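Peer 1: The structure's right below; bear with me while I get my questions together.
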Amino acid sequence: MDSITTNNCTIHFNENCYPALNKHLNERNFSKIFILVDENTHEHCLPSFLKNMETQVSIEIIEIEAGEIHKTIDTCVGVWNTLSELNADRKSLLINIGGGVITDLGGFVACTFKRGISYINVPTSLLSMVDASVGGKTGVDLGHLKNQVGVISNPDLVLIDTNFLDTLPKNQMRSGLAEMLKHGLITGESYWSNFKNLSKLSLHDLDRLIYESVIIKRNVVEEDPYENGLRKTLNFGHTLGHAIESYFLSNPNKITLLHGEAIAVGMILACYISTELTGFPKETTLEIKDLLINYYGKVDINEDEYAIIIDLLKYDKKNNHGNINFVLLEAIGITKIDCLVDDKIIIESFKFYAD
């Protein structure tokens, strides 16, 4: 697979990853290298990464706790303090090895430490490969509210080694697949049709689809890096999906809900709303609902929780002038942004999901 260049960042795949990394380390003459991991990637990914890394520069490992609940400013403070105690300077490099929490948080730490040091993202989950590590978004949550603090800044490199997917549990693979399904719905039938029979996909197919998914996101981000127009389409399913994810994160009585699992619910709700407001075919909404529920199962959301989740929509990053803006579909591959939706229709969408 060829490397992909976007906004001064080059994305390398599989066999191209480590030659590109070692060339970069040799050319840039970094003063010190720091590698950010969590306990999972420390055990399962770091050893093979270090075996392929060629450098005489001093390396320090920084480990944080895994999970979305640790994607906070407090964790950043801990990493900033560690960098400072280990004498990191402006010529240091931070390599983030992990899922979306690590690449989002690590990128934010790098962008803000000493007003910015270089960093490289090494996504190890399917979600981070096709979404979090590509596009320059960095940041952390504010309490249970998703991605409220951050900046847009691109890493030097993104290294996508799909061998790391062998370390993932099935629910994490499903979570990442939700973003690829979203890319299909907002892009067109040719990509979407790949996912209509998931049981027939081989590992080779998955590598190809990951590559195509990254190209889809690259093309959108290049045209609209700061989310003024086209890039908003990447938020399809995320307005309600993020609210659902935030609610489940904040409620100790609810199950742990992964990002992709929440976005799958959000996409079903958004398809129903699209049918009501933009003429999206009802039969297509039903097909999408059946496919997603067959793959993800159904999340238990009670009627008395609808209003609480709707109230969380006011924190969505796409809002402006007090308006909650949805991304809807007119057809597969044809999106409509900045749509206003009445609470009554949102409640109807929840009932449609539960039916």
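Peer 1: Would you mind computing Rg(Cα) / (2.2 N^0.38 Å) for segment 94-244, counting N as its residues?
Peer 2: 1.02
Peer 1: Let me know the shape class of segment 1-144, please: from the alpha-carbon gyration tensor, a ≥ b ≥ c as square roots of the eigenvalues, rounded when a/c is under 1.5, otherwise prolate if a/b is greater than b/c, or oblate.
Peer 2: Rounded shape, in that the Cα axes give a/c under 1.5.
Peer 1: Rounded to the nearest percent, how much of the accessible area of segment 1-152 (1.4 Å probe, protein heavy atoms only) is carbon and sulfur?
Peer 2: Using a 1.4 Å probe with all protein chains present, segment 1-152 comes out at 46 percent carbon and sulfur.
Peer 1: Going by average Cβ neighbours within 10 Å, how do the peptides 54-66, 174-186 rank, with the highest at the top?
Peer 2: Highest-to-lowest ranking by the protection proxy: 174-186, 54-66.
Peer 1: Keeping all protein chains in place, calculate the accessible area per residue for the chain (probe 1.4 angstrom), answer in Å².
Peer 2: The answer is 43 Å² per residue.
Peer 1: How much accessible surface does C339 have with a 1.4 Å probe, in Å² rounded to 10?
Peer 2: Only protein atoms counted, so the area is about 10 Å².
Peer 1: Of the DSSP beta bridges with both residues in the chain, give the percent that are antiparallel, rounding to the nearest 5.
Peer 2: 35 percent
Peer 1: With n ≥ 4 as the cut-off for DSSP H runs, can you work out [θ] at 222 nm for the chain, using -39500 (n - 2.57) per run divided by the number of residues, rounded to the nearest 500?
Peer 2: Theoretical 222 nm ellipticity from helices: -14500 deg cm²/dmol.
Peer 1: Between L36, L340, L159, where does the largest GNM mean-square fluctuation fall for the chain, given springs only between Cα atoms within less than 10 Å?
Peer 2: L340
Peer 1: Of S31, S128, S118, which is the most mobile in a GNM of the chain whose springs link Cα atoms less than 10 angstrom apart?
Peer 2: Most flexible of the set in this elastic network: S31.
Peer 1: What's the center-to-center distance, using Cα atoms, between segment 270-293 and segment 48-90 in Å?
Peer 2: 43 Å
Peer 1: Then there's this: Once the Cα atoms of helix 303-312 and of the chain are each reduced to a long axis, what angle between those two axes, in degrees from 0 to 90 to the nearest 10, is obtained?
Peer 2: Its long axis makes an angle of about 50 degrees.
Peer 1: Then there is this: Could you list, in their original order, any pairs among K71/K170; K71/K314; K170/K196; K114/K314; K232/K289; K71/K200 whose Cα atoms are separated by more than 27 Å?
Peer 2: Going by Cα-Cα distance, K114/K314; K71/K200 fall outside the 27 Å limit.
Peer 1: Express the carbon and sulfur contribution to the solvent-accessible surface of segment 167-250 as a percent, rounded to the nearest whole number, probe 1.4 angstrom.
Peer 2: Solvent-exposed carbon and sulfur of segment 167-250 make up 50 percent of the total.
Peer 1: Right, next: Please give the Cα centre distance for segment 324-355 versus segment 158-194, rounded to the nearest Å.
Peer 2: When both Cα centres are located, 23 Å separates them.
Peer 1: May I pose another question? Hull surface divided by four, with the convex hull built on the Cα atoms of the chain: how many nm²?
Peer 2: Directional mean of the projected Cα hull area for the chain stands at 16.7 nm².
Peer 1: With point charges of +1 on the Cβ of Lys and Arg and -1 on the Cβ of Asp and Glu, referenced to the Cα centre of the chain, which listed residue (S199, H183, M53) lies farthest in the positive direction of the dipole?
Peer 2: Going by the Cα projections, it comes out as M53.
Peer 1: Could you tell me how many degrees, from 0 to 90 and to the nearest 10, lie between the Cα long axis of helix 203-223 and the main elongation axis, the longest principal axis, of the Cα atoms of the chain?
Peer 2: So the inclination is approximately 90 degrees.
The values are calculated or read from the model by the stated rules, or taken from the named source; none is laboratory data. These figures come from a predicted structure and were not determined experimentally. Using ideal geometry, Cβ is built from the backbone for each residue, glycine included, and neighbour counts are taken over all protein chains shown. Surface accessibility is based on the protein's heavy atoms, side chains included, excluding ligands, DNA and RNA. Shrake-Rupley method; radii C 1.70, N 1.55, O 1.52, S 1.80 Å.
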